[in-house]
Amino acid sequence: MEERTGLIIRGINNIYTVESGEEQYLCRIKGKQLEGVEGEYNPLAVGDRVSFVVTGTEEGLILRRLQRTNSFQRWNTKGKANQTVVANMDAIICVTSAANPPFRPRFIDRVIASAIDVEVIILLNKCDLEMKEEDAFRFEHYGALGFQTAAVSAETGENLDRLVQIIRDKKVAFVGQSGVGKSTLINALLGSDQKTDEISTKYDRGRHTTNHSLLMRTGNLTIVDTPGVREIFVPHTDLQQIQRAFPEFKRYRCLYDPCLHMEEPECGVKVAVEEEEILFDRYESYLRIVESLEMITPDYLSRNERSEAWIERGAEYDWEES
């Protein structure tokens, strides 16, 4: 059988829709496990390119996953393994909201830390709603730190034309908490009919409406809608990757290099926090991410041994090259 290559545009219950040229095939993985992929919650994700063979009318078997250029992952607490949400994107669009549900910067920080080798753009939806002063400051602060930001309203259409300019001719994935309006935004941009739902007034948070990732296109827009989540756990223990989510840290020097910025003496980052040169909430967000890594390191390691392991992972990191 002739081997072909294709793009995964949807995956449900281990059945993947693979696009190859003008055709689409419903494919399963050949055998019990995908060749060369071990220790992951899911071996394939939307955006992956795969090698497959056609086995019947619009059906096929996936032989292998081709090399990824990047990915967005999260730690799956139930499966105790990394779960890839999307792969091979030009950008991850972290969708948040001005209100209803409330703006949550610590969620944004975790999204940035979970994006492996791919740009994160911070998108504020529902900008027509009143935003708390401190939340508005935090959103603007991301721009000051160098992250690309945009504020839009899917409800009124405000600034959607600017968003189109940002994502035009790119393959992007919308990631965000339930209720922030990802699917509503995508409907407005693509003219699609993704299912949406109202906010839970009891808990001021969204209900899940998208239950799997799906790649969609209209003209020169290519967007992946991903399931809404209430929390994201960083899927790796790579110190350099985590600290890249906090670019303000690199302005300061520490006695130890690399430094966890936790209990080490003469830590420049901790001094900067005390002198209010770094936002305390950002530093607290970083600490919570690092502390959460304990759930994905072996139980038999002590906390000191885990810290040493994290530092070793980032030992070759050079801020001058970042």
message = Among the residues in region 24-37, are any among the small types (Gly, Ala, Ser), within 16 Å of GLN67 (Cβ to Cβ) and exposed (fewer than 15 other Cβ atoms within 10 Å of the Cβ)?
response = yes
key: For ASP109: the one exception among (1) farther than 25 Å from VAL37 by Cβ; (2) in contact with a strand residue (DSSP E or B) (Cβ under 9 Å, 6 or more places away or on another chain); (3) crowded, with 23+ Cβ neighbours inside 10 Å   = (2)
ask   = Do we have ALA173 as among the small types (Gly, Ala, Ser), under 22 Å from GLN241 (Cβ atoms), touching a helix residue (DSSP H, G or I) at 6+ places or on another chain (Cβ under 6 Å) and buried (at least 19 other Cβ atoms within 10 Å of the Cβ) here?
value = no
Of all residues in region 247-298 being modelled with pLDDT under 95 and of a type in the set (S, T, N, Q), the one that is nearest to ARG110 (Cα to Cα) = SER292
query = Name the pairs whose Cβ atoms lie under 9 Å apart, with the first residue in region 4-17 and over 14 Å from ALA87 (Cα atoms), the second among the small types (Gly, Ala, Ser), and 6 or more positions between them or separate chains?
reply = ARG4/SER20; ARG4/GLY21; ARG4/SER51; ARG4/GLY60; THR5/SER20; THR5/SER51; THR17/GLY11
inquiry  = Within region 141-163, does at least one residue satisfy the condition of being touching a strand residue (DSSP E or B) at 6+ places or on another chain (Cβ under 7 Å), of a type in the set (Lys, Arg) and surrounded by fewer than 19 Cβ atoms within 10 Å (Cβ to Cβ)?
reply    = yes
ask   = Only one of (1) touching a Cys at 6+ places or on another chain (Cβ under 7 Å); (2) without any contact (Cβ under 8 Å) to a residue 24 or more places away in the chain fails for LEU61. Which number is that?
value = (2)
ask   = If you check SER302 against the conditions, is it surrounded by fewer than 18 Cβ atoms within 10 Å (Cβ to Cβ), among the small types (Gly, Ala, Ser), within 30 Å of GLY39 (Cβ to Cβ) and at pLDDT 60 or above?
value = no
task = Grab the strands (runs of 3 or more DSSP E) fully contained in region 121-238, keeping just those with 3 or more residues being at pLDDT 95 or above and within 20 Å of the chain's Cα centre (by Cα).
result = 149-151, 171-176, 221-225
ask   = Does region 245-253 include one or more residues that are small (Gly, Ala, Ser) and crowded, with 20+ Cβ neighbours inside 10 Å?
value = yes
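The values are calculated or read from the model by the stated rules, or taken from the named source; none is laboratory data. Keep in mind the model is a prediction, meaning the values are calculated, not measured. Backbone-built Cβ (ideal geometry, glycine too); neighbour counts: all protein chains shown.
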